[in-house]
Every structure is written in structure tokens, then in C-alpha cells.
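Visitor: Okay, here's the structure, questions in a sec.
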Amino acid sequence: MIVSGFMLIASFLFSSCSKDDDATAAALTTVNIQNGAFSIPDHIIVTGTPVTWINNDGVKHTVTSEDGTTFDSGDIMPGQSFTLTFNNIGVYNYYSKYKTDMKAKVTVKGFR
């Protein structure tokens, strides 16, 4: 009885993920650059998640780690994008080299 109850709960938990959940996860891994700001200033993801920044602003920007060495997108021209997969747990502060007060961070956790 206990085992079948556990199986029922486990079955419910795994079946409760839907395509809507996948779409939401995809939407949450996209950061828009617009009006001189990152649309998600404090992004929380799990390891292995790719994040895409889309430049919807009228000028070029970068996505550059605060330390300047962990990652740097190079110039992202208007209409272009940059994608980075975060494989390590940690907090990654970043900014745009062309607007140094334009800052945000990605927090990467090991699991949901």
C-alpha cells in the first residue's frame, strides 16, 4: 500500500510537467536588452541552462562578467543575440561595457 501510494505521487509529480512548463522555462532563459537595461536583473537558473540575451535596443551592448574574464559576449549589435550555457554553480554578475551602470546577475543552482 505504501509503495503504490509512493508510485502514485511520483507519477503525478513527473506527469505534471507540460509543454507549457517547457515554454515558460524557455521564456525565462531569454533576457531582453531594451531601453538601456537587462529585462531580468536577477536571474535564477539550474546548471546546464542556456541563457540567451537579445539586443532589442538601438545601440550595441555586451554581456560581460564583472571580473571581465569569466565570459564576454563581444559586441551584440541591435537585433542580434548571444547565448551562454551555465554549467557551474555560482553567482555571475555582469554588465554592458557600453553602459557600465547596466548591471544584472545570474545565480546558478545545482537543481530545482
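Visitor: What is the total of Lys pairs in the stretch 19-109 with C-alpha atoms under 27 Å apart, excluding same-chain pairs fewer than 8 positions apart?
Guide: Numbers: Lys19/Lys109; Lys60/Lys97; Lys60/Lys99; Lys60/Lys103; Lys60/Lys105; Lys97/Lys105; Lys97/Lys109.
Counting lysine pairs in the stretch 19-109 gives 7.
Visitor: Output needed for the stretch 19-109: three equivalent-ellipsoid semi-axes, defined as square roots of 5 times the C-alpha gyration tensor eigenvalues, in descending order, whole Å.
Guide: 20, 16, 11
Values quoted throughout were computed directly from the atomic coordinates according to the rules given, and no laboratory measurement underlies them. Keep in mind that this is a model prediction, so the values were computed, not measured.
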